[in-house]
There are 2 protein chains.
Amino acid sequence: MKVSREQMAENHRAIVEAAGRLFRERGFDAVTVAEVMKAAGLTHGGFYGHFRSKDDLIAKTIEHALAQAPGPSADLDGYAARYLSEGHRDDRAGGCPTAALATETMRQSPEARAAMTAALKRQIDALQLQTPGTDAAERRQAAIGSWAAMVGAIILARLSDDPQLSDEILRETRAWIGEGRGAAT
Amino acid sequence: MKVSREQMAENHRAIVEAAGRLFRERGFDAVTVAEVMKAAGLTHGGFYGHFRSKDDLIAKTIEHALAQAPGPSADLDGYAARYLSEGHRDDRAGGCPTAALATETMRQSPEARAAMTAALKRQIDALQLQTPGTDAAERRQAAIGSWAAMVGAIILARLSDDPQLSDEILRETRAWIGEGRGAAT
DNA sequence: TGTACATCAGTGAACGCGCGTTCACTGATGTAC
DNA sequence: TGTACATCAGTGAACGCGCGTTCACTGATGTAC
């Protein structure tokens with residue numbers, strides 16, 4: 001059952017996309033190659049025509065998901081409001097790859113970790129551009145600090161089995177970031 | 001080879017302690033029951049005399065590790081300086097259980113998640129007490145915001161394969177948290 | 001206090017299941033003429 | 001443009017390894033007398 005070149009490219013994309021959602025939702029280890037293939041509408045045997053190994057899929061999936069993730073195009077507060085929304089918290093499968101997979105990626109292949117680091121640098125640079133203020137060092141500090149707070153808050157909000165606490169973490173971190181940090185110095 | 005009651009209690013403690021270090025270092029899935037028992041100086045067969053299952057061990061280990069973790073006894077800045085130190089970043093096995101295991105614990109048993117949530121509440125309350133300011137709501141906001149930033153920064157610093165970026169994240173987040181947040185309002 | 005024996009914590013071989021990976025096969029694609 | 005055939009993407013059965021879990025056994029503990 002050979003398929004056309006276009007169909008094969010489309011299948012490849014479907015595999016990476018399905019893996020991206022499943023990995024973010026359940027983690028690398030809990031998702032099987034067969035599950036990913038099934039979610040992509042294929043059978044598990046064809047997997048090795050697309051990837052060298054599950055580790056290879058993981059690395060490629062991380063790169064793809066990070067490339068897809070929307071960067072901060074609005075102002076810092078607007079971005080934080082979207083990032084720290086209940087909608088984002090509840091959409092782990094479609095949300096920020098860093099928040100969903102950072103801890104596990106540390107222990108993956110060097111390629112996977114390098115892709116995450118590169119995305120982290122891009123994110124900090126992009127946030128710095130959206131941060132108000134004239135002093136570049138000060139804006140970089142605010143970019144790093146607020147990115148750390150956003151990632152930490154989403155993780156803690158998802159962790160909490162108490163919905164009120166979860167909402168509070170999002171709300172208060174949003175307010176804390178927007179509190180005119182730079183204005184204090 | 002029956003052992004004395006004291007020895008058995010000591011063995012139990014050794015298992016939980018070894019599991020705590022191994023889980024924080026490599027994650028729940030990558031650590032085998034046999035490895036934990038070996039690290040505790042025992043053989044794998046005896047495991048089920050101490051725990052009902054690996055999941056049971058995970059829940060008990062999380063509770064134990066969280067109970068052991070030192071809370072913020074100093075002022076907020078002093079605590080942040082220790083938490084965001086290079087030493088803590090490099091000691092994943094002995095460091096903060098939340099930073100090491102939060103993402104994976106979300107998908108574990110309800111007991112494990114509940115233990116993490118309880119620890120999160122305790123941590124926020126304790127941080128609030130160490131936060132300067134008179135307005136309680138404002139201090140709680142600072143406690144939540146800075147805890148999110150601390151957890152996020154340690155995770156991002158550990159993720160980065162670029163040592164300079166990693167150091168910078170710790171340093172700038174420390175400075176950002178200490179920037180006299182409360183004084184701005 | 002000393003002795004006999006029941007208990008039971010720990011041992012290590014074995015089991016069974018699940019998952020990553022392989023492979024012989026199928027049949028649609030796409031190229032050569 | 002139409003036809004014959006080589007290619008090769010996808011299929012699904014099978015393999016083998018590793019890990020959680022079980023179990024018959026061992027021998028030290030600790031209790032009954």
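The values are calculated or read from the model by the stated rules, or taken from the named source; none is laboratory data. Values in this document were obtained by computation on a predicted structure and should not be read as measured data. Every residue, glycine among them, receives a Cβ derived from its backbone with ideal geometry; neighbour counts consider all protein chains shown.
Could you check residue B:158 against (1) more than 16 Å from the chain's Cα centre (by Cα); (2) over 18 Å from residue A:169 (Cα atoms); (3) among the charged types (D, E, K, R); (4) modelled with pLDDT of 95 or more and say which number it fails?
(1)
Taking the range A:92-115 as the region of interest, how many residues are of a type outside the set (Asp, Glu) and in a helix (DSSP H, G or I)?
Final tally of qualifying residues: 13.
Of the numbered conditions (1) within 16 Å of DNA strand D (Cβ to nearest atom); (2) surrounded by fewer than 15 Cβ atoms within 10 Å (Cβ to Cβ), residue B:93 fails exactly one; give the number of that condition.
The number of the failed condition is (1).
Being in contact with a Cys (Cβ under 9 Å, 6 or more places away or on another chain), at pLDDT 95 or above, closer than 23 Å to residue B:101 by Cα and charged (D, E, K, R) narrows it down to one residue among B:13, B:24, B:52; which is it?
Going through B:13, B:24, B:52 in turn, the sole match is B:24.
Please state which one of B:23, B:51 is away from chain A (no Cβ under 14 Å) and not polar (S, T, N, Q).
After ruling out the rest, the residue left standing is B:51.
Would you confirm, using the coordinates I've provided, whether residue B:153 is surrounded by 17 or more Cβ atoms within 10 Å (Cβ to Cβ) and small (Gly, Ala, Ser)?
yes
Just to verify a result, which residue in the range B:101-118, among those that are touching a Ser or Thr at 6+ places or on another chain (Cβ under 6 Å) and hydrophobic (A, V, I, L, M, F, W, C), is farthest from the other protein chains (Cβ to nearest Cβ)?
Once the filter is applied, the top-ranked residue is B:112.
Among the listed residues A:35, A:10, A:25, which satisfies the condition of being more than 7 Å from DNA strand C (Cβ to nearest atom), touching a residue at least 40 places away in the same chain (Cβ under 8 Å) and of a type in the set (Asp, Glu)?
Answer to the selection: A:25.
Kindly indicate the residue of the range B:96-125 that is under 25 Å from residue A:107 (Cβ atoms) and β-branched (Val, Ile, Thr) and also surrounded by the fewest Cβ atoms within 10 Å (Cβ to Cβ) among those meeting that condition.
Restricting to residues being under 25 Å from residue A:107 (Cβ atoms) and β-branched (Val, Ile, Thr), the top hit is B:117.
Can you confirm whether residue A:136 is touching a residue at least 12 places away in the same chain (Cβ under 8 Å) and away from every other protein chain (no Cβ under 11 Å)?
So residue A:136 fails the test.
Within the range A:153-165, can you find the residues that are of a type outside the set (D, E, K, R), in a helix (DSSP H, G or I) and at the interface with chain B (Cβ under 9 Å from one of its Cβ atoms)?
Matches in the range A:153-165: A:153, A:154, A:155, A:156, A:157, A:159, A:165.
Which one of these does residue A:173 not meet: (1) within 9 Å of chain B (Cβ to nearest Cβ); (2) assigned to a loop (DSSP other than H, G, I, E, B)?
With respect to (1) within 9 Å of chain B (Cβ to nearest Cβ); (2) assigned to a loop (DSSP other than H, G, I, E, B), residue A:173 is out only on (2).
Only one of these conditions is not met by residue A:20: (1) in a helix (DSSP H, G or I); (2) within 16 Å of DNA strand C (Cβ to nearest atom); (3) within 19 Å of residue B:107 (Cα to Cα); (4) over 11 Å from the mean Cα position of the chain (by Cα). Which number is it?
(4)
Looking only at the range A:38-73, count how many residues are among the hydrophobic types (A, V, I, L, M, F, W, C), more than 26 Å from residue A:90 (Cβ to Cβ) and more than 11 Å from DNA strand C (Cβ to nearest atom).
Total satisfying the criteria: 2.
Looking at B:81, B:39, which is the one that is touching a helix residue (DSSP H, G or I) at 6+ places or on another chain (Cβ under 8 Å) and closer than 30 Å to residue B:142 by Cα?
Result: B:81 is the single residue among B:81, B:39 that is touching a helix residue (DSSP H, G or I) at 6+ places or on another chain (Cβ under 8 Å) and closer than 30 Å to residue B:142 by Cα.
List the pairs whose first member sits in the range B:111-129 and is farther than 12 Å from residue B:73 by Cα and among the aliphatic types (A, V, I, L, M), whose second member is in a helix (DSSP H, G or I) and at pLDDT below 95, and whose Cβ atoms are under 6 Å apart, counting only residues at least 6 apart or on separate chains?
none
Which numbered condition in (1) more than 7 Å from chain A (Cβ to nearest Cβ); (2) over 17 Å from the mean Cα position of the chain (by Cα) is the only one that residue B:145 fails?
Checking residue B:145 against (1) more than 7 Å from chain A (Cβ to nearest Cβ); (2) over 17 Å from the mean Cα position of the chain (by Cα), the one that fails is (1).
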